[in-house]
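Structure record follows, encoded as structure tokens.
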Amino acid sequence: MLATNCWAGGYELDLVVRRGRTLVFVEVKSKAGTRFGDPLEMVTPVKIARVRRAAGAWLAANPWFAGLAVRFDVAAERAGRLEVVQDAF
């Protein structure tokens, strides 16, 4: 784990994780129940653009990670169960 709840480019990154030669930016979403929809539905095109912008700013501030592959995942918590969607966007 390289960073948690950090700000870059004016937007928040929930998790920045290195897995071997891959740098993973993880958006974490949680819902207490199904009444207001699924946590994955909260990852809108606007949210995706913000995370990508923040990731670019984070990489610019941390150039030693520039040679790594980059992946964007979403971790969705539903009633205590965690689902991770790799390459979500």
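Numerical summary
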item	result
Some residue of region 34-47 being out of contact with any helix residue (DSSP H, G or I) (no Cβ under 9 Å at 6 or more places or on another chain), aliphatic (A, V, I, L, M), surrounded by fewer than 13 Cβ atoms within 10 Å (Cβ to Cβ) and under 20 Å from Gly9 (Cα atoms)	yes
Region 62-78, residues that are more than 16 Å from Arg18 (Cα to Cα) and more than 12 Å from the chain's Cα centre (by Cα)	Glu77, Arg78
Ser30, sole failed condition from (1) exposed (fewer than 10 other Cβ atoms within 10 Å of the Cβ); (2) assigned to a strand (DSSP E or B)	(1)
For Phe36: the one exception among (1) part of a loop (DSSP other than H, G, I, E, B); (2) touching a residue at least 40 places away in the same chain (Cβ under 8 Å); (3) among the hydrophobic types (A, V, I, L, M, F, W, C)	(2)
Whichever residue in region 60-89 is assigned to a strand (DSSP E or B), loosely packed, with under 14 Cβ neighbours inside 10 Å and in contact with a Leu (Cβ under 9 Å, 6 or more places away or on another chain) and, among such residues, is modelled with the lowest pLDDT	Glu83
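The values are calculated or read from the model by the stated rules, or taken from the named source; none is laboratory data. Worth saying up front: this structure is predicted, and the values here are computed from it rather than measured. Reconstructed Cβ throughout: ideal geometry from the backbone, glycine too, with neighbour counts over all protein chains shown.
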